[in-house]
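Working notes, structure below.
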Amino acid sequence: MPVMSKLKDLSGAAEIVGVAESDQIGKLPDKSALQLHAEAAHNALEDAGIPMSEVDGYLTAGYSTYDVAEYLGIQPHFTDATIVGGASFVIHIAHAMAAIQAGYCEVALITHGQSGRSDRARAAANRGLPSQQYEAPFGILGPPVSYSMAARRYMHEYGEDRTRQALSEIAVSTRKWANMNPVAYMKDEPMTFEDYHNSRWISWPFHLFDCCLVTDAGAAIVITTPERAKSARKGGVKVVGVGEGHDHSMISQMEDLTLPFGRFTGPQALEMAGITHSDLDLTMIYDSFTYTVLVTLESLGFCKPGEGPDFVADQRTAPGGEFPLNTSGGGLSYTHPGMYGIFTVVEAIRQLRGEAGERQIDDCNLAMAHGTGGNLSSTGTVILARD
Amino acid sequence: MAEYNKPIPIPQPESDRYWEGTRREELWLRKCNDCDEAYFYPRDICPKCFSRNTDWIHASGNGSLYTFAIVHRPPHPGFVSDAPYITAIVELEEGPRVPANIVGVEPEPENLSIDMPLKVVYEKITDEITLPKFTPA
Ligand SMILES: [Zn+2]
């Protein structure tokens, strides 16, 4: 573990001044993934009121930074293509903050674009990686299979009926938030508990409605010094706590299928921010699957292992509930192009700025955004604070 | 025999002996002489204590069901005719957990229980590659 006293010095060292999605999100066969990067970058810089010429730090995941930076016309002095799945873009915020404080750059741009639904490119080649030798030959391929095996283990440890109820609560409450988000893929599609239970099996124990969407989407974040943030169009939102890491890649190598790496990154980010769970007004948790939310709430310490089903019971996380969670509608019902982490931050910033329209929560001053990548492999946590 | 179109392992230098083993219908694991732990997947240096003092051991092929899923929507065209099929993580009696399929069982949740005893069976897929799968013991 890093030395907390050093990390604490970083708290508030950078502010997020711009966030945006690509022009549209959803099903976009007429746009390449790189175009989604570019649109999101353009929109986020406009949101920040900062011209592209001032960007001197660039971060992305899934591509080399030089490929996307060239496409965008950026020649950065700080470059970071850390790729640990959907958590990457949350982790990039911490890296940008460290780079800004160290003087590598003043305005960092993080972009993401992915055509999960419409991509014309082929799947990656077999390079003899362990996952390609030991899991793929058995059809242990892709997140639904690996996460559903983790969920089955949770059911064994904490009870199948309790777990099923929790998964359904999360699916239904997340859909209610999406129904209030004009750009959510499922904006006009309500979901009842009956709908959840009747949806087809994808990988038992997962129903279709336990699984995230597959969309095309881009998003971007602009992050800068507190001084530069003062003249940004909307001011800045402080980054006051961060944590990152991973403990495996393949699901079969995960030590405890019910306790992902948020067990470190959550408490670390909260400690760095000097706050506790109950101080948070909003929690955004990467919901690749309903199960991801359940175990992540526990690993982050919102409740004890096995208590997640009580924590989410009775639509406690839905609009009007005590614990606003994934207010955009999440990867389950808003958008999920393949790596979703950046979108947890976009929504958190909008809520902190009071820009969330019909789904705006009251007095939103402190928010957590938490990404998960791979096969419950990596996590990144940030705590964001309104001035 | 219809063309085999599932992903096929490409053995690497540190795993050649593992795949040679399965071809002879034997399951071989690595074991560390310093921390005394057997581990999967095969690599020369122990992932628990980073010792180079490691050996191969011949595993019994017995284990138990750690967890499983029943895959209805195949994630790859090669599995379309198999779906629904059972994926699992099997805990071997030597300690390590290995990914696999469970075969010889109808793919219904009630036919599978966590901790049920399993034994290895082999499926030859090419002249070079034989996959270790598991079935109720
Ligand atoms: Zn060792």
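See the values below:
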| quantity | calculated |
| --- | --- |
| Region A:60-158, relative contact order [Cα under 8 Å, separation at least 6], % | 21 |
| Chain A - percent relative contact order, Cα under 8 Å, separation 6 or more | 27 |
| Student exercise, region B:9-103 dipole from Lys, Arg, Asp, Glu Cβ charges, in Debye to nearest 20 | 280 |
| Region A:187-269, accessible area per residue, ligands and nucleic acids excluded (1.4 Å, Å²) | 39 |
| The protein assembly as shown - percent of accessible surface contributed by carbon and sulfur, probe 1.4 Å | 47 |
| Among A:ALA273, A:ALA232, A:ALA124, residue whose mean-square fluctuation peaks in a GNM of chain A (springs only between Cα atoms under 10 Å) | A:ALA124 |
| Area of A:PHE138 that stays accessible when all protein chains are in place (1.4 Å probe, Å², to 10) | 10 |
| Reciprocal of mean inverse Cα separation for chain A (Kirkwood radius, Å) | 20.5 |
| Per residue solvent-accessible surface (Å²) - region A:68-108, probe of 1.4 Å | 40 |
| Residue-level accessible surface for A:TRP201, protein heavy atoms, 1.4 Å, Å² | 90 |
| Proximal charge balance of A:GLY218 [Cβ under 12 Å; K/R count +1, D/E count -1] | -3 |
| Between region A:144-205 and region A:319-371, the Cα center-to-center distance that results, in Å | 18 |
| Chain A: DSSP helices with Cα axial extent of at least 15 Å and average Kyte-Doolittle hydropathy no lower than -1.0 | A:33-48, A:88-102, A:143-158, A:160-178, A:262-273, A:290-300, A:341-353 |
| FRET efficiency for B:ASP34 and B:ILE10, using Cβ-Cβ distance with R0 set to 45 Å, rounded to 0.05 | 0.90 |
| Mean Cα-pair separation over length for chain B, i.e. relative contact order, pairs under 8 Å, 6 or more apart, % | 23 |
| Net charge contributed by nearby residues that have their C-beta within less than 13 Å of A:ASN181 (K/R +1, D/E -1) | -1 |
| Positive-end residue of A:LEU294, B:GLN12, B:PRO84, charge dipole of the protein assembly as shown with Cβ unit charges | B:GLN12 |
| Accessible area that becomes buried as B packs against A, both chains, 1.4 Å probe, Å², nearest 100 | 3100 |
| Where chain B is the region considered: accessible area per residue in Å², 1.4 Å probe | 49 |
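The values are calculated or read from the model by the stated rules, or taken from the named source; none is laboratory data. It should be emphasised that the depicted structure is a prediction, and the values quoted were computed from it without experimental measurement. When we count neighbours, we look across all protein chains shown, and the Cβ atoms used for this are built from the backbone with ideal geometry, even at glycine. Side chains are part of the model used for accessible areas, which takes the heavy atoms of the whole protein and leaves out ligands, DNA and RNA. Shrake-Rupley method; radii C 1.70, N 1.55, O 1.52, S 1.80 Å.
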